[in-house]
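Enquirer: I am attaching a structure below and will ask some questions about it afterwards.
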Amino acid sequence: MPSPIVDLAGLTLEVNHLPRGVRFYTQVLGLSLLEHDEERGVAQFGVNPAQTLTLWKPVTRRANDPRLASLRARGASHLHYAWQIRPEDLGASKAILDEHGLGWTEIDLGTPERPDPTVYFFDPFGHGLELRGVDLADERRLAFPPAPVARPPHALPVMGLREVALAFGDYAGMLERLPRAYGLALAKEQPDRDFAQFTLGPAPEPDGNGTPRRWLYAWDPQVGLADMFGGDHAHVRFYADVDAVFALVRAEGLPHVRTGEGLAVRDPEGHVFEFVPSPPAGTRA
């Protein structure tokens, strides 16, 4: 049966200083600021027409998003996530990181026949960011294909969110639950550690080598590549067939909230997953 998960819609990071986060993500990433509410501790950015990045500063005894209060949603701390970028822009991106005084590490995730250089760096709050090249001519299409976005000259030329990596203390339980409770498509596991890759699309596909697909990585609490951790208690949004996911979530008996915006679910590990309808036809390939 095809997975009801269509694509990655957005994610939420936890920060301890909202104005500093706004400066970083507007100046270094060149994202469009959609909302900045100091009282609620919320800043939201447009990544492209179909994806958002949100910052939450924890507020004592108050939910950053009242819709999700019953699920005790939090932004992710020390989250590792990745951005899609054109491979030819990686060199300029390293120069931009140097100009901002940000250290970076380059690791080749490809093969000798087809290199896949990837750049890792951190934001001011310990979240681990990755720049991963994507082949815009790849025939594998998705709900919202990556495309160049106009950014200021001093900002990284990112096109979209590529992946999010989450930590799960009960790795074996996660491996069974994510396909059963949400319909996520398991693509592969790594043989040498507890690390699983889920394709955010109708069927499992191989990762790497310029694929435009988006991904959910799930691993046990560990240091990953470039000393980056998976996020704990994350809030992640997916485009999906909401009715299909709702049927799975009810059968699993997980705490959830359904509103006009979609379906939000609290996973047993503390992550809150939100499922919203697919992007409008005008934003598709």
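Enquirer: Return the pairs, sorted by first residue and then second, in which the second residue is outside any strand (DSSP E or B), the first residue lies in the stretch 115-133 and is among the β-branched types (Val, Ile, Thr), the beta carbons are less than 7 Å apart, and the residues are 6+ apart or on different chains.
Expert: Thr118/Leu109; Val119/Leu90; Val119/Ser93; Val119/Lys94; Val119/Trp104
Enquirer: Hey, another quick one. Being of a type in the set (Lys, Arg), loosely packed, with under 15 Cβ neighbours inside 10 Å and more than 30 Å from Asp108 (Cβ to Cβ): is that true of Arg266 here?
Expert: no
Enquirer: Scanning the stretch 26-40 for residues that are under 22 Å from Ala82 (Cβ atoms) and part of a strand (DSSP E or B), which turns out most open to solvent (accessible area, probe 1.4 Å)?
Expert: So, considering only residues that are under 22 Å from Ala82 (Cβ atoms) and part of a strand (DSSP E or B), the one most open to solvent (accessible area, probe 1.4 Å) is Leu34.
Enquirer: Follow-up. With the structure loaded, tell me whether Arg23 is more than 18 Å from the chain's Cα centre (by Cα), at pLDDT below 95 and either among the charged types (D, E, K, R) or surrounded by 16 or more Cβ atoms within 10 Å (Cβ to Cβ) (or both) or whether it fails that test.
Expert: no
Enquirer: Give me a count of the residues in the stretch 106-115 that are over 20 Å from the mean Cα position of the chain (by Cα) and part of a loop (DSSP other than H, G, I, E, B).
Expert: Going through the stretch 106-115 one residue at a time, the tally reaches 6.
Enquirer: Do you know which residues across the stretch 196-226 are open to solvent by 10 Å² or more (accessible area, probe 1.4 Å) and under 13 Å from Ala165 (Cα atoms)?
Expert: Within the stretch 196-226, Gln197, Tyr217, Asp220, Pro221, Gln222, Val223, Gly224, Leu225 meet the criteria.
Enquirer: Taking the stretch 41-62 as the region of interest, how many residues are open to solvent by 40 Å² or more (accessible area, probe 1.4 Å), farther than 20 Å from Arg23 by Cβ and assigned to a loop (DSSP other than H, G, I, E, B)?
Expert: So the count comes out to 3.
Enquirer: Would you tally the residues in the stretch 64-82 being assigned to a loop (DSSP other than H, G, I, E, B) and open to solvent by 40 Å² or more (accessible area, probe 1.4 Å)?
Expert: 3
Enquirer: Can you tell me which residue within the stretch 119-152, out of those that are open to solvent by 40 Å² or more (accessible area, probe 1.4 Å) and small (Gly, Ala, Ser), is farthest from the chain's Cα centre (by Cα)?
Expert: Checked the stretch 119-152; the qualifying residue farthest from the chain's Cα centre (by Cα) is Ala137.
Enquirer: State whether the residues of the stretch 222-232 include one that is of a type outside the set (Asp, Glu), outside any loop (DSSP other than H, G, I, E, B) and closer than 22 Å to Val6 by Cα.
Expert: For the stretch 222-232, residues of a type outside the set (Asp, Glu), outside any loop (DSSP other than H, G, I, E, B) and closer than 22 Å to Val6 by Cα: present.
Enquirer: Next question, about the same structure. For Tyr182, are the conditions met, namely being under 28 Å from Asn64 (Cα atoms), open to solvent by 20 Å² or more (accessible area, probe 1.4 Å) and hydroxyl-bearing (Ser, Thr, Tyr)?
Expert: no
Enquirer: Given the structure, is Asp170 over 24 Å from Pro4 (Cβ atoms) and open to solvent by 50 Å² or more (accessible area, probe 1.4 Å)?
Expert: When the stated conditions are applied, Asp170 does not pass them.
Enquirer: Of all the residues that make up the stretch 249-261, how many are open to solvent by 10 Å² or more (accessible area, probe 1.4 Å) and either of a type in the set (Lys, Arg) or outside any loop (DSSP other than H, G, I, E, B) (or both)?
Expert: 7
Enquirer: Checking the condition within 28 Å of Ser3 (Cα to Cα), modelled with pLDDT of 90 or more and assigned to a loop (DSSP other than H, G, I, E, B), which residue from Pro152, Pro145 passes?
Expert: On inspection, the qualifying residue turns out to be Pro145.
Enquirer: Run down Phe238, Phe246 and say which single residue is assigned to a helix (DSSP H, G or I) and buried (at least 18 other Cβ atoms within 10 Å of the Cβ).
Expert: Phe246
Enquirer: Of the residues in the stretch 98-111, how many are under 15 Å from Arg132 (Cβ atoms) and surrounded by 12 or more Cβ atoms within 10 Å (Cβ to Cβ)?
Expert: So the count comes out to 6.
The values are calculated or read from the model by the stated rules, or taken from the named source; none is laboratory data. Model, not experiment: these values are computed from the prediction. Cβ atoms come from the backbone with ideal geometry, glycine included; neighbour counts cover every protein chain shown. Quick note on the areas: whole protein, heavy atoms, side chains included, nothing else; ligands and nucleic acids left out. Shrake-Rupley method; radii C 1.70, N 1.55, O 1.52, S 1.80 Å.
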